[in-house]
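Report on one structure; see the data block that follows.
Bear in mind that the values in this text are calculations on the coordinates, not laboratory data. Note that this is a predicted model, so its numbers are computed, not measured. Every residue, glycine among them, receives a Cβ derived from its backbone with ideal geometry; neighbour counts consider all protein chains shown.
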């Protein structure tokens with residue numbers, strides 16, 4: 001097994017890392033990583049993984065070793081990753097995004113540098129290693145782009161993938177200035193990480209996700225995406241993601257079918273509404289949720305972080321959104337609820353506004 005694990009200034013082979021005692025101040029779940037690598041070295045056939053729980057209760061599902069290898073090889077082929085390339089793990093290693101960075105390193109022979117999964121991955125990263133590959137959540141990219149050091153760091157990475165949550169228009173506009181190849185990912189635990197990528201800073205301006213090699217897609221009677229590939233054990237699986245197919249190998253993501261607010265018989269798609277509001281007020285940190293209402297069933301609520309909207313901002317939204325999509329309430333919270341892997345926690349947000 002080629003490749004290595006890099007922590008601070010220490011370097012280990014994967015066999016060494018699985019067996020050694022790690023002594024460091026870094027806030028990383030090393031035992032979990034070591035256990036996973038040890039099981040991989042011993043050719044465990046199936047792994048129990050947790051779904052994110054962003055729209056429902058987190059659950060455990062079984063994924064085969066061969067599915068994970070297939071996913072790693074697809075990504076490596078698409079991004080032209082080679083043995084000896086440097087990769088960065090700054091995601092939670094207990095979820096699929098973090099685990100697949102480890103699998104890619106072992107299967108492709110990458111040198112995997114590990115740093116804590118914080119909002120600012122740069123603060124605990126030592127050295128000036130040039131990276132060929134790194135994975136982030138949107139919050140981490142947002143944080144890094146606030147400083148020159150952060151931007152310089154991102155520009156030193158050849159290929160960046162961003163997952164866990166959609167990339168809003170404001171962040172995508174900032175990403176245009178980066179020299180790296182930056183991709184938004186589409187995938188889930190059930191598809192063993194991403195099965196499609198959207199190039200965020202190419203010249204085409206396309207908003208399409210393009211599937212990785214070997215992935216088949218179609219839509220079901222709900223207009224939701226269905227996927228078949230080696231990562232799904234060559235079985236068609238149904239998602240709850242409403243999409244528009246633009247070719248046999250590409251699609252536009254519209255939103256989750258289970259993220260619909262039914263207010264007085266009018267169905268409002270949460271992600272589509274959030275995209276509209278973000279384009280009108282780019283700096284606003286918020287999430288759209290709903291509140292139970294005796295008359296309408298549910299009403300639209302805008303939950304923003306820390307600062308309430310101004311009268312002018314509310315007037316702008318009222319003029320642009322129309323009566324059905326305009327929030328009936330505006331609430332604030334100290335910090336927006338997120339799941340452990342950085343997605344908006346829709347269940348927690350609804351609890352906040354209904355409490």
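Some notes on this structure:
- Protection proxy ranking, peptides 85-98, 201-214, average beta carbon neighbours within 10 Å, highest first: 85-98, 201-214
- FRET efficiency estimate (nearest 0.05) - Cβ-Cβ, residue 240 to residue 149, R0 41 angstrom: 0.55
- Among beta bridges that DSSP assigns inside the stretch 113-250, antiparallel share in %, nearest 5: 65
- The chain: angle of helix 96-108 to the longest principal axis, Cα-based, in degrees nearest 10: 30
- Label-to-label distance for residue 16 and residue 355 is 4.8 nm, based on points extended 7 Å past Cα in the beta-carbon direction.
- The alpha carbon gyration tensor of the stretch 111-205 gives principal lengths a ≥ b ≥ c with a/c of 1.5 or higher and a/b no greater than b/c, which makes the shape oblate.
- Residue-span extension gain [residue 126 to residue 307] - 0.36 nm each, minus C-alpha spacing: 61.6 nm
- Near-label residues of the stretch 307-340 by backbone N, under 18 Å of a point 7 Å along Cα→Cβ of residue 266: 314-330
- Note on the chain: GNM, Cα springs under 10 Å; of 233, 70, 134, the largest mean-square fluctuation is that of 233.
- Values of log10 I(q)/I(0) for the stretch 260-354 across q = 0.14, 0.23, 0.24 Å⁻¹ run -0.47, -1.31, -1.42, by the Debye formula with one identical scatterer at each alpha carbon and no solvent.
- Mean separation of Cα contacts under 8 Å (6+ apart) over length of the stretch 225-355, as relative contact order %: 17
- Using a Förster distance of 22 Å, the FRET efficiency for residue 169-residue 324 (Cβ separation, nearest 0.05): 0.50
- Residue-averaged [θ]222 nm for the chain, counting only DSSP H segments that reach four residues, each worth -39500 (n - 2.57): -8500 deg cm²/dmol
- The gain in end-to-end length when the residue 8 to residue 29 segment is fully stretched comes to 6.1 nm, 0.36 nm per residue minus the alpha carbon separation.
- Label reach from residue 340 (point 7 Å along Cα→C-beta): in the stretch 14-28, amide nitrogens under 14 Å belong to 28.
- Sites residue 39 and residue 276 - FRET efficiency at Förster radius 35 Å, r taken between beta-carbons, to 0.05: 0.20
- Axis angle, to the nearest 10 degrees, between helix 270-280 and the longest C-alpha principal axis of the chain: 80 degrees.
- Inter-part distance where the stretch 180-252 and the stretch 79-143 are each reduced to a Cα centre, Å: 22
- For the pair residue 257 and residue 1, the difference between a 0.36 nm per residue extended length and the Cα-Cα distance amounts to 87.9 nm.
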